[in-house]
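Remarks on the structure that follows.
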Amino acid sequence: MKRITIAIDGFSSCGKSTVARALAARLGYSYVDSGAMYRAVTLYCLQHGIIKDGAFVEDEIVRALDHIHLTFQFNPASRSSDTFLNGENIEKQIRTLEVSTMVSPVSKIKEVRRRMVALQRSMGAHKGVVMDGRDIGTNVFPDAELKLFMTADIDVRVQRRVDELRAKGQPVSLDDVRQNLMMRDYEDSHRKENPLTQAPDAVVLDNSELSRDQQLDFVLKLMEEMKLEV
Ligand code: DC
């Protein structure tokens with residue numbers, strides 16, 4: 001069976017990883033969460049005082065990149081890969097609102113993107129990969145056989161993210177999460193380097209009212225229609 005590349009882009013917290021994970025499990029592909037890489041760089045900079053009080057010097061972040069070694073290891077419980085920063089599993093720490101608040105400014109830096117994109121391309125070099133992010137179909141894998149652009153109603157996204165963070169024991173407010181999502185949507189789609197845009201050949205998936213299984217059905221049907229082997 002021919003293995004393909006599936007690129008999923010879209011706004012923050014619109015369920016990209018849920019679809020990507022389900023799809024990868026169904027197809028026997030690997031799932032790569034590219035946002036986790038930008039989050040890991042941000043976490044490192046927060047931990048090392050390179051980002052302080054919401055501010056940073058770009059050159060210091062670029063210099064820190066040489067000390068950041070990212071690896072990924074499959075976690076059978078979550079059926080996806082955990083992110084390791086210099087050997088430490090940081091999967092939980094990269095999902096905090098503190099990291100979410102600084103990740104968009106960090107991901108704007110040209111050299112940060114250059115390094116992360118190189119890593120992403122190497123991880124998808126042999127196909128059989130589902131990768132989600134902001135610039136996967138437009139920049140990382142412009143030749144991906146299947147591209148999805150995901151979106152969902154902002155109220156639905158806020159509620160989903162609040163539920164997710166509270167389930168992890170983080171006491172967040174609806175207002176803080178809404179503000180963070182709107183800020184990231186704006187910054188991610190207006191930055192100079194590879195902003196979030198819908199690739200012309202991407203298929204839109206609005207999942208405001210779709211369950212996980214309905215989304216998976218939608219994509220599998222689409223693959224059949226596009227004569228991509230499932
Ligand atoms: O998918 P996520 O919410 O975990 O991503 C966190 C941030 O990382 C997002 O707000 C912008 C950045 N990002 C990016 O610039 N390019 C990607 N391919 C993935 C994420």
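Applying the set (1) within 21 Å of residue 65 (Cβ to Cβ); (2) in contact with a strand residue (DSSP E or B) (Cβ under 8 Å, 6 or more places away or on another chain) to residue 127 leaves exactly one unmet item: (1). Of 145, 88, all but one fail to be farther than 23 Å from residue 215 by Cα, out of contact with any Pro (no Cβ under 7 Å at 6 or more places or on another chain), acidic (Asp, Glu) and surrounded by fewer than 22 Cβ atoms within 10 Å (Cβ to Cβ); the exception is 88. Residues of segment 23-40 that are within 22 Å of residue 84 (Cα to Cα) and more than 14 Å from the ligand (Cβ to nearest atom): 24, 25, 29, 30.
So which residues in segment 191-209 are over 20 Å from residue 104 (Cβ atoms), within 16 Å of the ligand (Cβ to nearest atom) and in contact with a Lys or Arg (Cβ under 7 Å, 6 or more places away or on another chain), if there are any at all? Even if it seems obvious, please write down each step before you answer.
In the first step, residues of segment 191-209 are kept if they are over 20 Å from residue 104 (Cβ atoms); the result is 199-209.
Among the residues that remain, those that are also within 16 Å of the ligand (Cβ to nearest atom) are: 199, 202, 205, 207.
Answer for segment 191-209, where residues must be over 20 Å from residue 104 (Cβ atoms), within 16 Å of the ligand (Cβ to nearest atom) and in contact with a Lys or Arg (Cβ under 7 Å, 6 or more places away or on another chain): 199, 202.
Listed by position, the helices (runs of 4 or more DSSP H) enclosed by segment 22-131 that each have at least 3 residues that are within 30 Å of residue 146 (Cα to Cα) are 34-47, 97-107, 110-123. Would you point out the residue of segment 118-128, among those that are closer than 23 Å to residue 59 by Cα and in contact (Cβ under 8 Å) with a residue 24 or more places away in the chain, that is nearest to the ligand (Cβ to nearest atom)? Only one residue fits best here, namely 120. Residue by residue through segment 75-113, note down the ones that are within 12 Å of the ligand (Cβ to nearest atom), under 24 Å from residue 138 (Cα atoms) and not β-branched (Val, Ile, Thr). The answer is 100, 102, 104, 105, 107, 108, 110, 113.
Coordinate-derived values only; no laboratory data. A quick note: this is a predicted structure, and the numbers were derived from the prediction, not measured. Note that each Cβ is placed from the backbone with ideal geometry, even for glycine, and that neighbours are counted across all protein chains shown.
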